[in-house]
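Chemist: My questions all concern the structure below.
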Amino acid sequence: MKISHIEHLGIAVKSLDEAIPFWENLLGTKCYNIEEVESQKVKTAFLKVGQTKIELLEATSEDSAIAKFIEKKGEGIQHIAFAVEGIENALSECEENGVKLIDKAPRPGAEGLSIAFLHPKSTLGVLTELCEDKNK
Ligand code: ZN
């Protein structure tokens, strides 16, 4: 699998209104995009550090994965996302290596990316996202 960099870290937050100013102050950089991803029942806000983004995630529904995560573990890092070249091939490679996939095929994510999640049960507890910018 060809990984170029860590695309973003996904951080589950209770409130974007609180989290955005906090992270803007801490990192000294402005949030440049807020976007709702209906399929994932989240509202996302992005900040950039170098070429890696911080993705703040607020649940828009009680049955959102983010709401469940916060209920179980509290706010904090929820997933790590790697930028790959050829996401379909990367997914088949993972599957061949016995990694369970949450998404068998890529789907649209925030920022126009194609994304797919690997199951944390087969990645030592780390919810892992693969993503590819197909508009590049
Ligand atoms: Zn993500």
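The values are calculated or read from the model by the stated rules, or taken from the named source; none is laboratory data. Just so it is clear, the structure is predicted and the values come from calculations on it, not from any experiment. Positions of Cβ are backbone-derived with ideal geometry, glycine not excepted, and every protein chain shown enters the neighbour counts. Just the protein is used for accessible areas: all its heavy atoms, side chains included, with ligands, DNA and RNA removed. Shrake-Rupley method; radii C 1.70, N 1.55, O 1.52, S 1.80 Å.
Chemist: Scan the stretch 4-18 and report the pairs whose first residue is free of Cβ contacts under 8 Å to residues at least 40 places away in the same chain and whose second residue is in a strand (DSSP E or B) and buried (at least 16 other Cβ atoms within 10 Å of the Cβ), with Cβ atoms within less than 9 Å and a gap of 6+ or a chain change.
Modeler: Here the result reads Asp17/Glu58, each pair linking the stretch 4-18 to a residue that is in a strand (DSSP E or B) and buried (at least 16 other Cβ atoms within 10 Å of the Cβ).
Chemist: Would you check if Cys94 is open to solvent by less than 20 Å² (accessible area, probe 1.4 Å), part of a strand (DSSP E or B), more than 15 Å from Ile11 (Cα to Cα) and in contact with a strand residue (DSSP E or B) (Cβ under 8 Å, 6 or more places away or on another chain)?
Modeler: Numbers: open to solvent by less than 20 Å² (accessible area, probe 1.4 Å): yes; part of a strand (DSSP E or B): no; more than 15 Å from Ile11 (Cα to Cα): yes; in contact with a strand residue (DSSP E or B) (Cβ under 8 Å, 6 or more places away or on another chain): yes.
Here the answer is no, as Cys94 does not meet what is asked.
Chemist: Picking from Ser15, Ser64, which residue would you name as being open to solvent by less than 20 Å² (accessible area, probe 1.4 Å) and polar (S, T, N, Q)?
Modeler: Ser64
Chemist: For the stretch 76-91, what are the residues that are surrounded by 17 or more Cβ atoms within 10 Å (Cβ to Cβ) and in contact (Cβ under 8 Å) with a residue 40 or more places away in the chain?
Modeler: Those that are surrounded by 17 or more Cβ atoms within 10 Å (Cβ to Cβ) and in contact (Cβ under 8 Å) with a residue 40 or more places away in the chain: Gln78, His79, Ala81, Phe82, Ala83, Val84, Ile87, Ala90.
Chemist: Okay, next question. Is it true that some residue in the stretch 48-68 is farther than 18 Å from Ile115 by Cβ, part of a helix (DSSP H, G or I), in contact with a strand residue (DSSP E or B) (Cβ under 7 Å, 6 or more places away or on another chain) and among the β-branched types (Val, Ile, Thr)?
Modeler: no
Chemist: Do the conditions hold for Ser4, that is, is it open to solvent by 70 Å² or more (accessible area, probe 1.4 Å) and among the small types (Gly, Ala, Ser)?
Modeler: Spelling it out, Ser4 is indeed open to solvent by 70 Å² or more (accessible area, probe 1.4 Å) and among the small types (Gly, Ala, Ser).
Chemist: Taking the stretch 69-91, which residues are more than 10 Å from Glu132 (Cα to Cα) and more than 13 Å from the ligand (Cβ to nearest atom)?
Modeler: Ile70, Glu71, Lys72, Lys73, Gly74, Glu75, Gly76, Asn89, Ala90, Leu91
Chemist: Within the stretch 1-16, track down each residue that is away from the ligand (no atom under 15 Å from the Cβ) and charged (D, E, K, R).
Modeler: Matches in the stretch 1-16: Lys2, Lys14.
Chemist: Which one is nearest to the ligand (Cβ to nearest atom), of the residues in the stretch 17-47 that are within 15 Å of Ser61 (Cβ to Cβ) and in a helix (DSSP H, G or I)?
Modeler: First, pick out the residues of the stretch 17-47 that are within 15 Å of Ser61 (Cβ to Cβ): 36-44.
When the remaining residues are screened for being in a helix (DSSP H, G or I), the result is 38-40.
Numbers: Glu38: 15, Ser39: 13, Gln40: 9 Å.
In this case the residue turns out to be Gln40.
Chemist: Next question, about the same structure. Val49 - would you say it is surrounded by 12 or more Cβ atoms within 10 Å (Cβ to Cβ) and in contact (Cβ under 8 Å) with a residue 60 or more places away in the chain?
Modeler: no
Chemist: A further question on this structure: Among the residues of the stretch 115-129 satisfying the criterion of being more than 20 Å from Glu58 (Cα to Cα) and either within 13 Å of the ligand (Cβ to nearest atom) or among the basic types (Lys, Arg) (or both), which is most open to solvent (accessible area, probe 1.4 Å)?
Modeler: Checked the stretch 115-129; the qualifying residue most open to solvent (accessible area, probe 1.4 Å) is Lys121.
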